[in-house]
Amino acid sequence: MNSFPLSQKYIDFINTTNVRAEFLEGTTASGKTTVGAGIKFMRMVSASKKKLHVLAAKTTGKAEETIIQQDNGILDIHSTAVYFGNGDKDYKLPHIKFEGKIIYVLGYDNKDKWQNVLGAQFGSVYIDEVNTANIEFVREISTRNDYMLCTLNPDDPALPVYKEFVNRSRPFKKYENDIPAEILSELKEEPVPGWRYWFFSFRDNLSLTAEDIERKKAAAPKGTKLYKNKIEGLRGRATGLVFSNFDRQHHVMREADLRRHLMLQSSYGQNGEHFIQFSAGLDTAYSQQSPDTIAMSFIGITNRGRLFLLEEQVYNNAELKLPLAPSDTAVRLAGFLDRCHDKWGLARNVYIDNADQATITELYKYKKNSGCIYVFQNAWKKTKIIDRINLQLGWLAQDKMIVLDYCVNYISELELYSWKEDKDNEPEDGHDHMINSVQYAYLPYVNKIGVI
């Protein structure tokens, strides 16, 4: 085995035993595979009382190349481990024999092969790059082991593997500050006792020199999603994003910072930056079978041509015990607008998706019966979707579009909304309900946004 020094975090990871599952996420070249598969997984196999175990990668060839046979791979670290790439007379599938145990080597891209072994119960399971794995495989094998270890590279946070598995794990308090804030905020699904989350970066791989790290950073263009995924270890699609220039550092602000800025600007009188227009939008989807949402937005536009998303409210009927009907949405929208009025100012005009006449009808009825001050209008849709996107890309480039940090649904959509793979200049029909809602709110006022 070549020299592979271990950071204190990796030492703590290796020595943690009171866990049922562990998820290792982070930057490229952080050492996750070497330490995870070569040391921790093999240690758990050794300690297990069960004979059968599993090591899974995209293909068996990938497992051989990057986990089993490479420098500092399993065979390099463990001299007593023997790999049978074509199986043997007792075990037909590729496997590793180690201390009297059998470690099946599976490719999760081949359902026919991995289904052959899933009737058994296993001691330890290792899944390489679980973010790319067949989710059926992950679901099946997650219930058939005593211990599961998964590595993953940052990817589209809408993938089911995050909601169902990764985001249900929690970090040790000792290492919580090592996790990027936007990832830590996503570890919010109902936790599973004994599921542990780890984030590893370049600095945790002590075998890398400063020159090695700089060379790897230089290989990915700064500011691209590739850089975000590989170098910063942040989640998000690497290619095909519509709002590819959205950057949390430039375009997300805390409410306290905004209010401090406005307070300072007020000392300049009418020359200071202040809000001149408020507006609100509503996009609806009532399905109980999809992640589509009922999305409410409240925006403010300043005299400096800056657009702020100040508030959002999102409902998903698939997650509600009592699904919302259009009449319920009317009441909730009015409540949302009242709260925004008290907090920020009056958005008298509210723009609703004109494809949803049922909700618009209920809003008219609500206004008639309650006498509310809001004017409910059909959304202005004459501006084509591609033109709306180009407007926003320009505003983002000029730092003229700002989102308050608690508008997490809109931030998530900005980081997920993508172009269709088979069509130029046409975005996907998904991850877009808050995007649509915000567009409905700003479309009547585009002449007030941008360079002024």
With every protein chain left in place, what is the accessible area of residue 252 in Å² (1.4 Å probe, nearest 10)?
-> 40 Å²
At a Cα cut-off below 21 Å, give the lysines reachable from residue 49, other chains included and same-chain residues fewer than 8 away excluded.
-> 40, 97, 101
Residue-level accessible surface for residue 253, protein heavy atoms, 1.4 Å, Å² | 40 Å²
Is the stretch 375-452 best put as rounded, prolate or oblate by its Cα gyration tensor, with a ≥ b ≥ c the root eigenvalues, rounded for a/c under 1.5, and otherwise prolate when a/b is larger than b/c, oblate when not?
-> rounded
With all protein chains modelled, accessible area of residue 428 [1.4 Å, Å²] = 40 Å²
Which whole-Hz couplings ³J(HN,Hα) result when phi for each residue of the stretch 104-118 is put into the Karplus expression 6.51 cos²θ - 1.76 cosθ + 1.60, θ = phi - 60°, listed in order with x for Gly and Pro?
-> 5, 10, 10, x, 6, 7, 10, 4, 4, 7, 6, 5, 5, 10, 7
If a/c stays under 1.5 just call it rounded; otherwise compare a/b with b/c (prolate if a/b is bigger, oblate if not). Do that for the stretch 186-302, with a ≥ b ≥ c from the square roots of the Cα gyration tensor eigenvalues.
-> oblate
Heavy-atom accessible surface of the chain: percent carbon and sulfur, 1.4 Å = 49 percent
Violations at 32 Å Cα threshold for listed pairs 321/423; 174/217; 9/50; 321/368; 51/217; 368/400 -> 321/423; 51/217; 368/400
Non-local residues with an amide H under 5 Å from the amide H of residue 127, with H modelled 1.01 Å from N and Pro and chain starts lacking one, are 56, 149, 150, 151
Largest to smallest accessible area among 287, 267 [probe 1.4 Å] | 267, 287
How much area per residue is accessible in the chain when the probe is 1.4 Å and only protein heavy atoms are counted (Å²)?
-> 46 Å²
Sorted list, accessible surface of protein heavy atoms, 1.4 Å probe, largest first, for 109, 212, 204 is 109, 212, 204
Rounded if a/c is under 1.5, else prolate if a/b beats b/c, else oblate: with a ≥ b ≥ c from the C-alpha gyration tensor eigenvalues square-rooted, which is the stretch 157-211?
-> prolate
Using only the alpha carbon atoms of the chain, find the Kirkwood hydrodynamic radius as the inverse mean reciprocal pair distance, in angstroms to one decimal.
-> 24.7 Å
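The values are calculated or read from the model by the stated rules, or taken from the named source; none is laboratory data. Just so you know, these numbers come straight off a predicted model, no measurement behind them. Quick note on the areas: whole protein, heavy atoms, side chains included, nothing else; ligands and nucleic acids left out. Shrake-Rupley method; radii C 1.70, N 1.55, O 1.52, S 1.80 Å.
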